[in-house]
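The structure appears below as structure tokens.
The values are calculated or read from the model by the stated rules, or taken from the named source; none is laboratory data. Model, not experiment: these values are computed from the prediction. Because the Cβ atoms are built from the backbone with ideal geometry, glycine has one as well, and the counts that use them run over all protein chains shown. Each accessible area value is taken on the protein alone, full model and side chains, heavy atoms only, with ligands, DNA and RNA left out. Shrake-Rupley method; radii C 1.70, N 1.55, O 1.52, S 1.80 Å.
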Amino acid sequence: MLTGIASRSSTTAKVHRLFRDGKASERELRSEIALDTQKIVAAQKGFAFVSGGQLDWLDLFRPITECFTGFRNSSRKSGAFNYSYGANESVGPVTRWFRTNTFYRKPHVDFRIDCAGYELAEIMPDVGRAVLFLPGPYSFARLVDNSFYNSDEALAIDYSKAIAKSSEALRKKGYSCILLVEHSVGFDMSTGTFKSPDWFGSAISAVKDSGTTLGISFPKAEAGRVVGLADGTEADFVGIDALYTEDLRFRTEKDLLLGVVDSSNIRVENVADLKADIEALVKSASAARYYIGTNDRLYDVPFDIALRKIGALSEVGGVLDER
Amino acid sequence: MRDRLFPTQEVGSLQRPYWLQGFGRQRQEQRTVEDAVAWGKRLRVDEVGELANGSGTGLLQKPLGSITDADRERAKEIATIYAIRMQESAGLDILFNGEQQRTEMYSFMANFVNGMSEAGVLNAFDANYFTKFSIDGDVSVSERGDAFFAREFAFARKHTGRTLKPCLTGAYTMVDWSYLEHYMRRNGSPRADMEKAKESAVISFADNVVRPLIRTLSVKGAAMVQIDEPAAATNEAESRIFVESLNRSFEGAWNGMEKAVHLCYSDYRRLFPHIADSKATLYLIEFTNHATNTFEALRLFREYGIKAKIGVGVVDIHTDAIESPEKIRDDILMAAKMLGDPSLVSVNPDCGLRTRRPEIAYAKLCSMVKGAELARREFGE
């Protein structure tokens, strides 16, 4: 499966710029995004859970800032997600996305985070048995500004509860898997600032809903340092970054998502190499069941490369299934 | 005679004027032409008549189909003169051309480097996209690139008598924002491979692209050069490589050249202790967010005994609100106090004012100059 939002095609980029400049309509932009989404979905043959790449998300926080209450200058009133919502500067300052040349708008939490439950499902495309990527509660607490909650714990728990509230409607739309992506964990570990919060398990439990498969992934983190975080929670599987991991000897009580396709470089993996990497991982690590996927979001490689990488993943999945 | 305290400068880029943004692609509205003329007269741009005149032969008055490549180049040159006059009018001590002849800092530079090719378009934020390049061969600056930077500097030199600083995107940032296909060895662990590839690429870029360009600018008489490194303080594990790349790049500078480095929107503490070995003589840093890490970084500059000057960002490039001269004065005085030596303080916006409309950028620069004047008074100047 994929593990994060994907890039858009150069045609969509062009129309998006025209839309910004008032020279293309929202309908035209949506049409291009829909075409890209179709291509991404079509490439995921044999995937356990499919994603449309969340191509109309302006970053991993938008449209959460529109779907959930609690955020400063949220502009959504009702009805379907309007692509121009959340695009204005008032959402928050442009902020660097970790060690990349991409950015997100830092949301500001001004009051209690909540939702009715239907909002996220309403804006998601119907792509079959699907996975939805959301910031994990630790990363959420680290990446937003907050002037309402007295603690990261209270902030993270309410955010998690809002996700849980959305689960049923999401499942009805086909989103039977939620993957919480914890970008901040690996980053904070690399800077020596990570302190495992004692509320992490509670925040994950608050998301867990009986009918939804729940995963947590940890991009750019050494697997042996993060699988333990997931082990104490109600998550069904844990995603590791196999390209970042030096020591393959780790154990987890969860199912394991092996992030073996490199989302940071343009070289497209060949199937034989991928197969060898996966077999080495399965031999060294220990888990009950395995998924294979990308090590991070495919947002940092061009669209055509992303499609080819998804294709390689699909192909190696087929080879392994035959065994 | 000692240099005056708190010299002022822009960081590099200014927004292109409205009339240049659609020049040659869309018909100029009468209001845009009038604004261009009025703004030019206010800034005392002698060439304003070339844009619009009573006989209707100005560049902005030409029918769309008749605009030539030479017209486009001349329009950019006139925009450069506008940028220079704007900085002079605001009272800045050190100027550059506002980068009116460049599109942005990464792709623009990559286009002048042998060994780099376009990999594709990626989203930066909102509806802003950038072309990401792949390093797929040995890097070196192209003849076209060398000629461009020399010509760009010479043109600005011709139009002002004040100190000029050409700006170049640094090796670390250029490599950090690129794919490193040529340098990946595909053996050993992917993480270690990536780290080695990055180091090799950064050093090669410093040696073969930035250093030769600085040498060219030195030969052309530049008294100062600025290396832009927004990515520098994002990964503390690589701060040693960053500093080595700076030092290798500055080997192209003549003795006595002011060697500036611009850093922004990062945690500058990550650069320590390696930055103490840098040969840079000035760091221009973003400061107005007043994040704890920026204060801490100033303390560290002092603690490590670094004698380079610090250009404190006293103007926020992300808002239209004009900072008052008094607030700017206070920021300058605070930085002087933290560094323990007012002669180490220089004054600038957080980053290039390209994000703001020209009239806002101008107002901010004027306020910045007044703030520096107020700060000097505190020291009897």
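Nearest 20 debye, what's the magnitude of the dipole of segment B:90-377 about its Cα centre given +1 on Lys and Arg Cβ and -1 on Asp and Glu Cβ?
Values: 36 positive and 38 negative charges, 163 e Å.
In debye, rounded to 20, segment B:90-377 gives about 780.
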Net charge near B:Ile306: determine it from the other residues with C-beta under 12 Å of the C-beta of B:Ile306, scoring Lys and Arg +1 and Asp and Glu -1. +2
With a 1.4 Å probe and every protein chain left in place, work out the accessible area per residue of segment B:273-363 in Å², rounded to a whole number. 39 Å²
Using a Gaussian network for chain A with springs between C-alpha atoms less than 10 Å apart, which of these wobbles most: A:Asn270, A:Asn150, A:Asn295? A:Asn150
Tally up the carbon and sulfur contribution to the accessible surface of chain B as a whole percent, 1.4 Å probe, everything protein left in place. 48 percent
Given a 1.4 Å probe, how much area per residue of segment A:211-292 is accessible, in Å²? 38 Å²
Net charge near A:Thr95, counting Lys/Arg +1 and Asp/Glu -1 over other residues with Cβ under 12 Å of its Cβ? +2
Could you list which residues have their amide H under 5 Å from that of B:Leu168, counting only those 5 or more apart in sequence or on another chain, with H placed in the peptide plane? B:Gln226, B:Ile227, B:Asp228
Is the C-alpha gyration tensor of the protein assembly as shown telling us rounded, prolate or oblate? Criteria: a/c under 1.5 is rounded; beyond that, a/b larger than b/c is prolate, otherwise oblate. prolate
Can you list the lysines whose alpha carbon is less than 20 Å from that of B:Lys196, not counting same-chain residues fewer than 8 positions off? A:Lys220
Sites B:Glu373 and B:Asn187, calculated FRET efficiency, Cβ-Cβ separation with R0 60 Å, nearest 0.05: 0.50
Setting aside same-chain residues fewer than 8 positions from A:Lys275, which lysines have a Cα under 16 Å from its Cα? A:Lys283, A:Lys309
What value, in deg cm²/dmol to 500, does the helix sum -39500 (n - 2.57) over DSSP H runs of n ≥ 4 give at 222 nm once divided by the residues of chain B? -12500 deg cm²/dmol
Relative contact order for segment A:201-323, counting Cα pairs under 8 Å that sit 6 or more residues apart, in percent: 23 percent
Straight-line reach from B:Lys41: which lysines have Cα under 25 Å away, leaving out those fewer than 8 places along the same chain? B:Lys62, B:Lys76, B:Lys158, B:Lys364, B:Lys370
Decide, for chain B, between rounded, prolate and oblate: order the square roots of the alpha carbon gyration tensor eigenvalues as a ≥ b ≥ c, take rounded if a/c falls under 1.5, and otherwise choose prolate if a/b is larger than b/c, else oblate. oblate
What total accessible surface area, summed over both chains, is buried at the interface between chains B and A, computed with a 1.4 Å probe and given in Å² to the nearest 100? 3000 Å²
What pairs in A:Lys172/A:Lys208; A:Lys23/A:Lys172; A:Lys14/A:Lys172; B:Lys220/B:Lys259 have C-alpha atoms more than 26 Å from each other? A:Lys23/A:Lys172; A:Lys14/A:Lys172
Taking a ≥ b ≥ c as the square roots of the eigenvalues of the Cα gyration tensor, with a/c under 1.5 meaning rounded and otherwise prolate when a/b exceeds b/c and oblate if not, segment A:45-321 is prolate
May I ask you to derive the relative contact order of segment B:90-377, considering only C-alpha pairs under 8 Å and at least 6 residues apart, and to give it as an integer percent? 14 percent
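Let me have the relative contact order for segment A:45-321, percent, based on Cα pairs under 8 Å that are six or more residues apart.
Answer for segment A:45-321 is 14 percent.
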